[in-house]
1. Filter the stretch 5-42 down to the residues that are surrounded by 10 or more Cβ atoms within 10 Å (Cβ to Cβ) and farther than 28 Å from Cys78 by Cα and list them by number.
2. Restricting to the stretch 6-23, count the residues that are closer than 19 Å to Leu45 by Cα and either modelled with pLDDT under 95 or not in a strand (DSSP E or B) (or both).
3. Tally time: how many residues in the stretch 73-82 are among the acidic types (Asp, Glu) and either part of a helix (DSSP H, G or I) or closer than 17 Å to Lys30 by Cβ (or both)?
4. Limited to the stretch 24-72, what total is found for residues that are among the aromatic types (Phe, Trp, Tyr) and outside any helix (DSSP H, G or I)?
5. Search the stretch 45-82 for residues being open to solvent by 60 Å² or more (accessible area, probe 1.4 Å) and closer than 14 Å to Gly20 by Cβ, and hand back the single one that is nearest to the chain's Cα centre (by Cα).
6. Within the stretch 19-44, which residues are among the aliphatic types (A, V, I, L, M) and either closer than 24 Å to Gln4 by Cβ or in contact with a Gly (Cβ under 8 Å, 6 or more places away or on another chain) (or both)?
7. Condition check: over 24 Å from Ala76 (Cβ atoms) and either out of contact with any Asp or Glu (no Cβ under 8 Å at 6 or more places or on another chain) or of a type in the set (Phe, Trp, Tyr) (or both). Does Ala54 satisfy that?
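The values are calculated or read from the model by the stated rules, or taken from the named source; none is laboratory data. Everything quoted here is computed from the prediction, not taken from an experiment. Glycine gets a Cβ as well: all are built from the backbone with ideal geometry, and neighbour counts include every protein chain shown. The accessibility values were calculated without ligands, DNA or RNA, using every heavy atom of the protein model including side chains. Shrake-Rupley method; radii C 1.70, N 1.55, O 1.52, S 1.80 Å.
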Amino acid sequence: MEVQSFPPIIDGQSTLLVLGSMPGTASLAKHQYYGHPRNYFWPVLYGLAGLVVAGDYGQRLAFAKERGVALWDVIAACEREG
């Protein structure tokens, strides 16, 4: 089955680029970077600011962008078995 990644989340204020390969099935199903509930990306990012993860996905993306964090899964599409 062919799966496709998400477009990059980046703007002119980005100073840190977090690179991934291809989102997992949970992230793809939710249409969210790091969407699996056990993924540590969001807790680590918020934890660096001394905060606990809050809000919906849009607020999380805004939080990352406000801190200059850009996200990009560099594999645009791939064949995944299973």
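1. Scanning the stretch 5-42 gives a single hit, Gln13.
2. The qualifying residues number 8.
3. Number of matching residues: 1.
4. The qualifying residues number 4.
5. Trp72
6. Once the filter is applied, which keeps residues that are among the aliphatic types (A, V, I, L, M) and either closer than 24 Å to Gln4 by Cβ or in contact with a Gly (Cβ under 8 Å, 6 or more places away or on another chain) (or both), the stretch 19-44 yields Leu19, Met22, Ala26, Leu28, Ala29.
7. Answer is yes for this residue.
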